[in-house]
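What follows is a set of notes on a single structure, which appears directly below.
The values are calculated or read from the model by the stated rules, or taken from the named source; none is laboratory data. All of these numbers come straight from a predicted model, not from anything done at the bench. So basically every Cβ, Gly included, is an ideal-geometry build from the backbone, and we count neighbours across all protein chains shown. All accessible areas refer to the heavy atoms of the entire protein, side chains included, with ligands and DNA or RNA removed. Shrake-Rupley method; radii C 1.70, N 1.55, O 1.52, S 1.80 Å.
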Amino acid sequence: MKAEYEVYALPFVQPEKARTYTPDFFLPNGIVVETKGRFLTDDRQKMKLVKEANPSIDIRFVFSRAMQTISKASSTTYAMWCEKYGFPWAEGSVPQAWLDEPPCEKRIAAFMAVAKTKSKKAS
């Protein structure tokens, strides 16, 4: 038998890694706002995992260009991706309607139950 180079693939499962996500903004009414210019594959995968792990958290996106496609080879836009995965979205700035939503104690409690305060680094 001759040596064979990269002919076979062996399956394995990468162990889970505990990670954290730091939202851009937490509004007083319990809405989490994530602002994005570019929305890369890693960002999209992370946000799907964050939502899966925290289904009670209301995460919304504000894009600088919501109609930008996720890649040159795709016709899916950032907005379409959000709609597919159940994330409300806006373009340009946080809509006044989001800011005007009354506080939702259930939404706030769900966020506070899992959120950890980050320590600020000294300047």
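For a protection proxy built on the mean count of beta-carbon atoms within 10 angstrom, sort 102-115, 77-90, 4-17 highest first, please.
Ranked from most to least packed, the peptides come out as 77-90, 102-115, 4-17.
Which of (1) 164; (2) 207; (3) 90 is the computed volume of the Cα convex hull per residue in Å³ for the structure on display?
Comparing each candidate, only (2) matches the computed number.
In the structure displayed, which of LYS17/LYS46; LYS17/LYS84; LYS36/LYS106; LYS51/LYS118 lie more than 24 Å apart, Cα to Cα? Please report the intermediate quantities before stating the final value.
Working: LYS17/LYS46 12 Å; LYS17/LYS84 26 Å; LYS36/LYS106 26 Å; LYS51/LYS118 20 Å.
With Cα atoms farther than 24 Å apart: LYS17/LYS84; LYS36/LYS106.
Evaluate E = 1/(1 + (r/R0)^6) for PHE25 and LYS72, where r is the Cβ-Cβ distance and R0 equals 30 Å; express this FRET efficiency to the nearest 0.05.
Efficiency computed from Cβ-Cβ geometry: 0.50.
If I compute solvent accessible area with a 1.4 Å probe over the protein chains, what percent of it on the chain is carbon and sulfur?
Answer for the chain: carbon and sulfur cover 56 percent of the accessible area.
Quote the FRET efficiency, to the nearest 0.05, computed for ALA18 versus LEU40 with a Förster distance R0 of 30 Å and r equal to the Cβ-Cβ distance.
Once the sixth-power term is evaluated, E becomes 0.85.
Taking amide H positions as placed in the peptide plane 1.01 Å from N, state which residues far from GLU34 in sequence (5 or more) or on other chains have amide H under 5 Å from it.
ARG60, PHE61, VAL62
Taking a probe of 1.4 Å, how large is the accessible area per residue of the chain, in Å²?
Working: 9610 Å² over 123 residues.
Result: 78 Å² of accessible area for each residue.
I'd like the antiparallel share, as a percent to the nearest 5, of DSSP beta bridges with both residues in the chain.
The antiparallel fraction comes to roughly 25 percent.
Charges at C-beta only: +1 for Lys and Arg, -1 for Asp and Glu. How large is the resulting dipole of the chain about its Cα centre, in Debye rounded to 20?
360
Given the options PHE39, GLN68, ALA79, identify the residue whose Cα lies farthest towards the positive end of the charge dipole of the range 21-123 (+1 on Cβ of Lys, Arg; -1 on Cβ of Asp, Glu).
Toward the positive end, the furthest listed residue is PHE39.
Please tell me the relative contact order of the chain in percent, rounded to the nearest whole number, where contacts are Cα pairs under 8 Å and at least six residues apart.
26
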